[in-house]
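Trainee: Supplied in structure tokens, the structure appears directly below.
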Amino acid sequence: MTAAADAKAILTRLGVSDAVWTGDLPTRSPIDGSSAGSLVQATPDQVEAAVARSVEAFKAWRRVPAPRRGELVRLLGEELRAAKTDLAMLVTLEAGKIVSEGLGEAQEMIDICDFAVGLSRQLYGLTLPSERPGHHMRETWQPLGPVAVVTAFNFPIAVWAWNAALALVCGDPVIWKPSEKTPLTALGVQAVFERAVARFGDAPEGLSQLLIGGREIGEALSADPRAPLVSATGSTRMGKAVARTVAGRLGRSLLELGGNNAMIVTPSADLEMAVRAIAFSAVGTAGQRCTSLRRLIVHESVAEALTARLVKAYATLPVGDPRKDGVLVGPLIDEAAVTGFETALSDAVTQGGQVLVGGTRVEAEGTYVTPAIVRMPAQTAVVEHETFAPILYVLTWSDFDQAVELQNAVPQGLSSCVFTDSVREAEAFLSAWGSDCGIANVNIGPSGAEIGGAFGGEKETGGGRESGSDAWKAYMRRQTQTVNFSADLPLAQGVKFDV
Ligand code: UN1
């Protein structure tokens with residue numbers, strides 16, 4: 001069976017109707033290039049109707065007590081557990097992740113549901129002392145309204161869950177526009193969501209809607225004032241377009257865009273551990289995570305030893321069908337990604353780079369390449385750019401402050417890490433003058449964050465924070481409330497206004 005046929009069979013098992021296959025959005029598995037057909041896309045009228053339905057759903061959902069809203073997310077978590085292997089396999093078949101990473105992504109959905117269930121009994125505000133006698137002030141978090149969620153191909157389901165689980169407990173309906181490269185996993189998730197809704201019983205219709213299609217859907221949602229929040233994950237170019245449109249109507253956007261993540265390796269680093277961390281973060285998901293390691297900034301005294309070990313490890317990396325046991329590197333998402341990989345490598349060489357290992361297309365059906373390590377003389381233009389493919393640029397340093405400066409001297413600011421046994425270096429890296437990224441790690445790679453922390457980054461990464469900690473606040477509106485329980489009407493700041 002082709003990968004596409006496998007994916008179609010899973011969708012049928014999850015209860016997705018065959019009617020979805022009667023459209024013109026082509027689908028394709030990067031594993032073997034196979035297609036199971038083309039999908040129906042949402043028309044502009046359907047997008048309009050979905051937003052209208054979401055507005056109605058909001059009117060009902062915001063009245064449901066938050067812990068009861070949490071019950072829906074608890075059921076969603078149960079349904080996701082039951083469907084975990086099917087959804088994970090869809091991720092493998094459609095996005096090309098190895099089985100363990102597909103399962104990890106499905107687990108990330110389950111984890112955020114658990115988090116959101118607990119959150120549904122918190123959503124805490126503040127009480128504040130009023131300067132006026134017999135008055136009471138408090139700060140409350142209220143539901144915001146329909147949330148438009150635009151997701152990327154590389155985490156085709158977890159990022160929806162980060163947004164949806166929080167939005168739903170916060171009292172907001174969701175309208176989901178998945179990447180046109182991964183609509184099948186979205187259809188699978190939507191079917192699982194509908195199961196949770198059926199078990200919940202009295203959820204309003206259209207609490208989470210799926211709109212399959214191209215960028216014009218994202219554009220319509222970004223422009224629509226009925227969606228107070230647009231949460232978008234993808235390229236910096238896309239994010240800037242969303243930000244402009246949403247800002248034009250003074251809406252809120254939550255952006256999670258490109259990363260150009262680095263690891264600083266110091267002389268005291270445990271190189272054995274560093275090699276393992278580098279391999280997972282630079283090569284895992286075929287270098288197609290926002291958090292993938294792209295720059296290795298290594299002290300000159302250990303550069304030779306470390307690169308020699310890495311080259312050895314890369315030389316035997318199992319690249320191939322991600323369904324097979326032992327394979328660690330699946331395909332790139334499509335032909336355009338292979339072209340991007342090849343162009344970046346030839347630019348790197350033009351800019352003085354030396355390819356130490358990998359960097360070639362694998363002759364096979366599907367879009368496979370061998371992960372590359374490139375030694376660079378300096379942080380040239382190609383290194384400052386995020387290429388969504390497994391290319392690791394190696395730069396060297398002699399002074400720690402210089403290494404941190406180099407790390408921070410790129411337009412993106414998502415994730416970062418240092419490998420060191422020195423408390424001074426570790427704490428300096430985590431200090432106000434250290435890493436400028438949203439995520440900073442010590443002795444672990446830059447990728448594979450847990451859901452409990454806020455996820456996102458600075459500068460061209462977009463500034464948004466999703467997932468754990470208090471990221472939920474982006475999905476609510478803050479209200480300052482003052483209640484007068486006295487029989488007088490004193491004014492603030494001592495103002496007198498007697499009529
Ligand atoms: C992404 O690449 O868009 O930290 C998200 C990680 C994953 C999420 C990545 N938990 O690598």
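Values in this text are rule-based calculations from the coordinates and carry no lab data. Just so we're clear, the structure is a prediction, and the values are computed from it rather than from any experiment. Note that we place each Cβ from the backbone using ideal geometry, even for glycine, and neighbour counts take in every protein chain shown.
Trainee: When the Debye formula is applied to the Cα atoms of the range 374-498, each taken as the same point scatterer, what base-10 log of I(q)/I(0) results at q = 0.12, 0.18 Å⁻¹?
Mentor: Debye curve over Cα of the range 374-498, log10 I(q)/I(0) at q = 0.12, 0.18 Å⁻¹: -0.60, -1.08.
Trainee: Multiplying the sequence separation of PHE497 and ASN443 by 0.36 nm and subtracting their Cα-Cα distance, what value in nm do you get?
Mentor: Full extension of this stretch gives 13.1 nm more.
Trainee: Report the longest stretch of the chain that contains none of the chymotrypsin sites (Phe, Trp or Tyr not before Pro) sitting in a DSSP loop with at most 15 other Cβ atoms within 10 Å.
Mentor: Here the longest segment lacking exposed loop sites spans 125-432.
Trainee: Once Rh for the chain is found with the Kirkwood sum over Cα pairs, what is the Stokes-Einstein diffusion coefficient at 20 °C and 1.002 mPa s, in µm²/s?
Mentor: For these conditions, the coefficient is 90 µm²/s.
Trainee: At what distance in angstrom do the alpha carbon centres of the range 232-250 and the range 88-122 lie from each other?
Mentor: Cα centres, the range 232-250 to the range 88-122: 26 Å.
Trainee: Sticking with this one: Just to confirm a number: summing +1 for Lys and Arg and -1 for Asp and Glu over residues other than PHE341 whose beta-carbon lies under 13 angstrom from that of PHE341, what do you get?
Mentor: Surrounding charge for PHE341 is -3.
Trainee: What translational diffusion coefficient, in µm²/s and rounded to a whole number, does the Stokes-Einstein relation yield for the range 300-453 at 25 °C and a viscosity of 0.890 mPa s, taking the hydrodynamic radius as the Kirkwood radius over Cα pairs?
Mentor: Reported coefficient: 144 µm²/s.
Trainee: Quote the charge dipole size of the chain about the Cα centre in Debye, to the nearest 20; the model charges only the Cβ of Lys and Arg (+1) and of Asp and Glu (-1).
Mentor: Approximately 1160 debye in magnitude.
Trainee: Hey, how many Å between the Cα centroid of the range 256-313 and the Cα centroid of the range 193-226?
Mentor: If we compute the Cα centre of each part, the gap is 39 Å.
Trainee: Report the GluC sites (Glu not before Pro) located in the range 203-249 that are in a DSSP loop and have at most 13 other Cβ atoms inside 10 Å of their Cβ, or state none.
Mentor: GLU205
Trainee: Please compute the modelled spin-label separation between ALA378 and GLU78, points set 7 Å along Cα→Cβ, answer in nm with one decimal.
Mentor: Using points 7 Å along Cα→Cβ, the separation is 6.2 nm.
Trainee: Continuing with this model, one more query. If Lys and Arg each add +1 and Asp and Glu each add -1, what is the summed charge of the other residues whose beta carbon sits under 13 Å from the beta carbon of GLY358?
Mentor: Charge balance in the 13 Å sphere: +2.
Trainee: How high is the relative contact order of the range 28-169, in percent, with contacts defined as C-alpha pairs under 8 Å that are six or more residues apart?
Mentor: That works out to 29 percent.
Trainee: At 7 Å along the Cα-to-beta-carbon direction for both MET137 and ALA223, put a label point, then send me their distance in nm to one decimal.
Mentor: In this crude label model, MET137 to ALA223 measures out at 4.2 nm.
Trainee: Short version: what are the Cα gyration tensor semi-axes of the range 449-493, square root of 5 times each eigenvalue, largest first, in whole Å?
Mentor: The answer is 39, 13, 7 Å, longest axis first.
Trainee: Right, here's the next one. Kindly provide the helix-only [θ] at 222 nm of the chain, computed as the sum of -39,500 (n - 2.57) over DSSP H runs of four or more divided by all residues, to the nearest 500 deg cm²/dmol?
Mentor: -12500 deg cm²/dmol
Trainee: For VAL362 and TYR124 in the same chain, what is the full-extension length gain: residue separation times 0.36 nm, less their Cα-Cα distance, in nm?
Mentor: Full extension from VAL362 to TYR124 adds 80.4 nm.
Trainee: Indicate the helices, whole DSSP H runs only, in the chain that combine a mean Kyte-Doolittle hydropathy of 0.5 or more with a Cα extent along their long axis of 20 angstrom or more.
Mentor: Those that clear 20 Å and a mean of 0.5 are 99-119, 183-200, 335-350.
Trainee: Further question on the same structure: Run the numbers on the chain and let me know its relative contact order in percent, using alpha-carbon pairs under 8 Å that are six or more apart.
Mentor: The value is 18 percent.
Trainee: At LEU271 and LYS473, where each label point lies 7 Å from the Cα along Cα→Cβ, what is the point-to-point distance in nanometres?
Mentor: 4.5
Trainee: Using 0.36 nm times the number of residues separating THR350 and GLN107, minus their current alpha carbon distance, what extension gain do you get?
Mentor: Stretched out fully, the THR350 to GLN107 stretch lengthens by 83.3 nm.
Trainee: Could you give me D for the range 152-295, from Stokes-Einstein at 4 °C and 1.567 mPa s, where the hydrodynamic radius is the Kirkwood radius over C-alpha pairs? Units µm² s⁻¹, please.
Mentor: 75
Trainee: If you don't mind, there's one more thing I want to ask. If you take every residue apart from ALA389 with its C-beta less than 15 Å away from the C-beta of ALA389, what net charge results, scoring Lys and Arg +1 and Asp and Glu -1?
Mentor: +1
Trainee: Using the alpha-carbon centroid of each, what span in Å lies between the range 160-189 and the range 1-51?
Mentor: 16
Trainee: Something else about it: Please give the FRET efficiency for SER398 paired with ARG244, using the beta carbon to beta carbon distance and R0 = 41 Å, rounded to the nearest 0.05.
Mentor: FRET efficiency, SER398 to ARG244: 0.45.
Trainee: Under 18 Å from a point placed 7 Å out from the Cα of SER100 along the Cα-to-Cβ direction: which residues of the range 280-299 have their backbone N that close?
Mentor: Residues 280-289, 292-293 fall inside that zone.
Trainee: Please list, by residue number, everything in the range 73-89 whose backbone N is under 13 Å from a paramagnetic label point 7 Å out along Cα→Cβ of ARG199.
Mentor: 73-84
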